[in-house]
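Every read-out reported here was derived from the displayed coordinates using simple, explicitly stated rules and does not represent laboratory data. Note that the structure is predicted; figures quoted are calculated from it, not measured. Note that we place each Cβ from the backbone using ideal geometry, even for glycine, and neighbour counts take in every protein chain shown.
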Amino acid sequence: LLSAVQAADDYPAIRKALDTALPGGKPDRIVPAPIPGLFEVTYGSQLFYVSEDGRYLMQGHVLDVAARKDLTELRPGELRKAAIDKIGEDNMVVFAAEKPKHTVTVFTDIDCGYCRKLHSEIQETNALGITVRYLFFPRSGPNTESYYKAESVWCAKDRKAALTAAKNGKDPERKTCDNPVDEHMKLVREFGLEGTPAIVMEDGRVVPGYLPAKRLAAALDGKMQP
């Protein structure tokens, strides 16, 4: 079978239409959609449908009426998970549970009050078997104090200690080095995130805002909605 990358080259009409409709970007995948004559096109975590001749481009949900199933619903989560996995844990600040049952990825702003509240429960969260992986989302944008704090935390000798101190209101020592903050911010834009904290669950769903540790654990265990 052809790989997804190889298959993308088999659709010149679709590729030409995408170059016109969405200039400047290259699709990650072009694969047949569940509906005959339509193809699924992904750019990171963004999902589109396009007709085989490239004339029609659509964005939205595909419903299987007979099966009463939303065929699109799970795809954004899957794409978010893939994008986060591509970043890799080596480019995150990870607070690992000693006996992990679940893993969440949190986009955080050091100066966000509810981000600080969430982090104040990190020991309880870890004790409940939840590993927390942090990505930086300084909401004020590049070249701002929040951005410099994120950069300085990453460049600290002990990132976990530096992040905890910064969350407790202590300004980190200003440092610069190669860092993934811009890469994290690229995901922020790709996912369409607007606020912090933004918790990405194991299925790729995004839960906006703070969740107490026990409520987060219950949601991950499927005992309640987040």
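Could you list the trypsin sites (Lys or Arg not before Pro) in region 149-226 that lie in coil according to DSSP, counting only those with at most 13 other Cβ atoms within 10 Å of their Cβ? The partial results should precede the final answer.
On the way: sites: K149, K157, R159, K160, K167, K170, R174, K175, K186, R189, R205, K214, R215, K223; in loops: K157, K170, R174, K175, R205, K223.
Taking region 149-226 and a limit of 13 other Cβ atoms within 10 Å, the loop trypsin sites (Lys or Arg not before Pro) found are K157, K170, R174, K223.
Any idea how far the Cα center of region 139-186 sits from the one of region 205-225, in Å?
Between the Cα centre of region 139-186 and that of region 205-225, the gap is 26 Å.
Please return the longest stretch of the chain lacking exposed loop sites, where GluC sites (Glu not before Pro) count only if DSSP places them in a loop and at most 15 other Cβ atoms lie within 10 Å.
On the way: sites that count: E52, E73, E98, E173, E194, E202.
Answer - 99-172.
Let me have the relative contact order for region 45-115, percent, based on Cα pairs under 8 Å that are six or more residues apart. Walk me through the intermediate numbers first.
Numbers: 37 pairs, mean separation 14.5, N = 71.
So the answer I get is 20 percent.
Only one of the listed values, (i) 20.0, 60; (ii) 17.3, 53; (iii) 20.1, 74, was derived from the coordinates as Rg and Dmax of the Cα atoms in Å; which label is it?
(i)
Amide H of V94: which non-local residues (sequence gap of 5 or more, or other chain) have their own amide H closer than 5 Å, using H built in the peptide plane?
Close amide H contacts, sequence-distant or interchain: Y134.
Considering only the chain, what is the antiparallel percent among its DSSP beta bridges, to the nearest 5?
Working: 23 of 30 bridges.
Close to 75 percent.
Out of the trypsin sites (Lys or Arg not before Pro) in region 52-126, which ones are loop residues according to DSSP with at most 13 other C-beta atoms within 10 Å?
Details: sites: R55, R68, K69, R80, K81, K86, K101, R116, K117; in loops: R55, R68, K101.
Here the trypsin sites (Lys or Arg not before Pro) that fit, given the DSSP loop and packing criteria, are R55, R68, K101.
I want to check the label-to-label distance for I35 and A127. Put each point 7 Å from Cα in the C-beta direction and report it in nm to one decimal.
Placing both labels 7 Å along Cα→Cβ, they lie 5.2 nm apart.
Once you put a point 7 Å from the Cα of R215 and another 7 Å from the Cα of E173, both along the Cβ direction, what distance in nm separates them?
Each label point is offset 7 Å from its Cα along the Cβ direction, giving 3.9 nm.
From a point 7 Å beyond the Cα of K16 in the direction of its Cβ, which residues of region 40-62 have a backbone N at a distance under 12 Å?
Within reach of a label on K16: 53-55.
Check T108: other-chain or 5+ apart residues with amide H under 5 Å from its amide H, H built from backbone geometry?
Residues meeting the criterion, in which the H sits 1.01 Å from N, are L135, F136, F137.
Normalised by the number of residues in the chain, what is the relative contact order in percent for Cα pairs under 8 Å and 6+ residues apart? All intermediate terms of the calculation are to be shown ahead of the outcome.
Numbers: 370 pairs, mean separation 38.4, N = 226.
After rounding, I find 17 percent.
Calculate the spin-label point distance for K157 paired with E78, positioning each point 7 Å from the Cα along the beta-carbon direction, and give it in nanometres.
Rounded to a tenth, the inter-label distance reads 4.6 nm.
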